[in-house]
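The structure appears right after this line, and notes come after that.
The values are calculated or read from the model by the stated rules, or taken from the named source; none is laboratory data. Here the structure is a predicted model, which means the values were calculated and not measured. Backbone-built Cβ (ideal geometry, glycine too); neighbour counts: all protein chains shown. Note: areas computed on protein heavy atoms with side chains; ligands, DNA, RNA excluded. Shrake-Rupley method; radii C 1.70, N 1.55, O 1.52, S 1.80 Å.
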Amino acid sequence: MANLADDKARMQKSLDNLRDELNSIRAGRANPHVLDKVMVNYYGADTPLQQVANVTVPEPRMIQIQPWEPSLLKDIEKAIMISDVGINPTNDGKVIRLVFPDLTEEHRKELAKDIKKKGEDAKVAIRNIRRDANDQLKKALKASEISEDEEKDQEDEVQKMTDEFIKKIDSMIDDKSKEIMTV
């Protein structure tokens, strides 16, 4: 028998994953989430940037990073350079600044395409979870664990859940695309 709570949790994970991916896309405005995946070598261990420095947005197109320990400036700068943030940091000896350039129209369109693709990938993941759930229901029916009516009812529940998550994904994609295309 399909476990709807598990299926819903798996769908939620796909949605959360998409949200994280969309947050890491920079839209011409400074968003500290673009640094979420940046890891700094801190006493030999890879540590998330947010755990070794104060990350602030003093201006709409600038992120300022102030390390807890001044000796970490070079390591943080190096970590940002090798990450996929795509912005060269400037270091004044006390803080590191990332200045986000304006996005060109062409780059905005590329990002919008990328957002749509990420959304489609998330929808495919949701549909795969639906297929798995329906397969479990068919097996349970074959094994006489549930009746045909129960199978139909649960399939309807799974479909409702799928539609709900697809709607959320569409909404997230629309919001992010609008954000990207706004100059």
Under 5 Å between amide H atoms, partner at least 5 residues away or on a different chain: which partners does V57 have, H built in plane at 1.01 Å?
Q64
Please list 130-140, 84-94 highest first by mean number of surrounding beta-carbon atoms within 10 Å per residue.
130-140, 84-94
Through the Karplus equation 6.51 cos²θ - 1.76 cosθ + 1.60, θ set to phi - 60°, convert the phi angles of segment 95-100 into ³J(HN,Hα) values in whole Hz; use x for Gly and Pro.
9, 10, 10, 10, 9, 8
At D114 and A9, where each label point lies 7 Å from the Cα along Cα→Cβ, what is the point-to-point distance in nanometres?
3.3 nm
Output the relative contact order of segment 7-146, whole-number percent, from Cα pairs under 8 angstrom with separation of 6+ residues.
23 percent
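Taking all protein chains in place and a 1.4 Å probe, what share, in percent, of the accessible surface of segment 111-182 do carbon and sulfur account for?
On the way: 2070 of 4380 Å².
Ligands and nucleic acids excluded, carbon and sulfur give 47 percent.
Leaving ligands, DNA and RNA out of it, report the carbon-plus-sulfur percent of the accessible area of segment 56-110 at a 1.4 Å probe. Present the calculation step by step, with values, prior to reporting the outcome.
Working: 1840 of 3510 Å².
Whole-percent figure for carbon plus sulfur exposure: 52.
Might you tell me the accessible area per residue for the chain, computed with a 1.4 Å probe and given in Å²? All intermediate terms of the calculation are to be shown ahead of the outcome.
Details: 11050 Å² over 183 residues.
Solvent-accessible surface per residue comes out at 60 Å².
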In order over segment 120-135: 3J(HN,Hα) from phi, Karplus 6.51/-1.76/1.60, θ = phi - 60°, whole Hz, x for each Gly or Pro, gives 4, 4, 5, 5, 4, 4, 4, 5, 5, 5, 4, 4, 4, 5, 5, 4
Rounded, prolate or oblate: pick one for segment 1-121, where a ≥ b ≥ c are the square roots of the eigenvalues of its C-alpha gyration tensor, a/c under 1.5 means rounded, and failing that, prolate if a/b is larger than b/c, else oblate.
oblate
For segment 31-47, just list the computed ³J(HN,Hα) in residue order, Karplus coefficients 6.51, -1.76 and 1.60, θ = phi - 60°, integers in Hz, with x standing in for Gly and Pro.
10, x, 5, 5, 9, 4, 9, 6, 10, 10, 6, 10, 6, x, 10, 6, 10
Can you flag which of K13/K113; K117/K168; K117/K167; K13/K168; K8/K117 are past 19 Å Cα-Cα?
K13/K113; K8/K117
Which of the lysines could a cross-linker span from K152 if the Cα-Cα distance has to be under 17 Å and same-chain partners fewer than 8 positions apart are dropped?
K138, K139, K142, K160
